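The values are calculated or read from the model by the stated rules, or taken from the named source; none is laboratory data. Model, not experiment: these values are computed from the prediction. Cβ: placed from backbone, ideal geometry, glycine included. Neighbour counts: every protein chain shown. In case anyone asks, the SASA skips ligands and DNA or RNA and just uses the protein heavy atoms, side chains included. Shrake-Rupley method; radii C 1.70, N 1.55, O 1.52, S 1.80 Å.
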Amino acid sequence: MENFTPVSAAIGGAMIGAAAVLFMALHGRIAGISGVAAGVLAPAAGDWAWRAAFLAGLVAVPFAAWFAAGDRPPFEPVYPGWLILLGGVLVGFGARLGGGCTSGHGVCGAARLSTRSIVATGVFMGVAIAVTFLLRLLGV
Amino acid sequence: MKNIAAFAVGLLFGLGLVVSQMTNPAKIIAFLDIAGNWDPSLAVVMAAALGVSFLGYRVVLRRGKPLLEDAFHIPAKTLIDRPLLVGAGVFGAGWAMAGLCPGPGFSSIASGGLLSLGFIAAMAAGMKARDFVKL
């Protein structure tokens, strides 16, 4: 467990939570990234720009960190590229079908004590741990 | 104003992801790989985010409406149905394969380059595909 980073995890997590609260206070919406992104793909009148702006904020931070610190945040892929792309398709499909992702269900929904979100979070966590175990057995 | 506010919220959200290293697939998979060198950091990130949003929502939702819109947009569904369960399962499988979920996909472009952009394109395709599947 020597790679455990509890302090930065707690600080970063608190920032994510603060962003979710701020978004509810300002826009009255759940800060669910898959939902925000899906609305960019299927634009409705007057409903596009704020979504694109939200995503632009997500994209901009590590670029700003790069220019400020001269270093990019670490990015170490574990599996081959094709598996990451296949994972991407499943992430998009599953998030739409299930009505949310790690942020919408796992943080915002659970914080509202939504049973749907708590169940969804338990399911995707359990399946993700099982699939990771399977990939280890397969030697990927 | 709505757009500037959304950009600022995106910045704060992205900063949280970068600070907690959730934009690194190895960090996500180290949490999911309980048979390996287990790294509980992701659980701490979720717990901290949950704690702050649980308390913050209690204050914010007591107001009549949000500052920039006319009403709160809170999901009304309460039914545990098949789409929820299948969707969460498929999402979990994809999350494990990629080591990325939607937020970190966007916040890793600076570091992951084409791999992150490929993940986002694949995710967009998956989102579109959902519209063509009857479930």
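Only residues that are open to solvent by 30 Å² or more (accessible area, probe 1.4 Å), outside any helix (DSSP H, G or I) and among the small types (Gly, Ala, Ser) were counted across the range B:4-35, and they come to 1. Number of residues in the range A:1-29 that are open to solvent by less than 30 Å² (accessible area, probe 1.4 Å) and either touching a strand residue (DSSP E or B) at 6+ places or on another chain (Cβ under 7 Å) or in a loop (DSSP other than H, G, I, E, B) (or both): the value is 2. Scanning the range A:96-123 for residues that are assigned to a helix (DSSP H, G or I), open to solvent by 20 Å² or more (accessible area, probe 1.4 Å) and small (Gly, Ala, Ser) gives a single hit, A:Gly122. Pairs are defined by a Cβ separation below 8 Å, a sequence spacing of at least 6 or placement on different chains, a first member in the range A:64-87 that is among the acidic types (Asp, Glu), and a second member that is surrounded by 18 or more Cβ atoms within 10 Å (Cβ to Cβ) and not in a helix (DSSP H, G or I); the pairs so defined are A:Glu76/B:Asn24.
Whether any residue in the range B:106-117 is over 18 Å from the mean Cα position of the chain (by Cα) and aromatic (Phe, Trp, Tyr) is what I want to check. No, every residue in the range B:106-117 fails to be over 18 Å from the mean Cα position of the chain (by Cα) and aromatic (Phe, Trp, Tyr). Listed conditions (1) within 15 Å of the chain's Cα centre (by Cα); (2) within 30 Å of B:Arg58 (Cβ to Cβ) are all met by A:Gly92, apart from (2). One residue stands out in the range B:110-119 among those that are open to solvent by less than 30 Å² (accessible area, probe 1.4 Å) and within 7 Å of another protein chain (Cβ to nearest Cβ): the one that is farthest from B:Asp33 (Cα to Cα), namely B:Ala110.
Taking the residues in the range B:67-87 that are facing chain A (nearest Cβ under 7 Å) and more than 24 Å from B:Tyr57 (Cα to Cα) as candidates, determine which candidate is most open to solvent (accessible area, probe 1.4 Å). So, considering only residues that are facing chain A (nearest Cβ under 7 Å) and more than 24 Å from B:Tyr57 (Cα to Cα), the one most open to solvent (accessible area, probe 1.4 Å) is B:Leu85. Checking every residue in the range A:65-82 against the condition of being at pLDDT 95 or above, surrounded by 16 or more Cβ atoms within 10 Å (Cβ to Cβ) and in a helix (DSSP H, G or I) gives zero matches.
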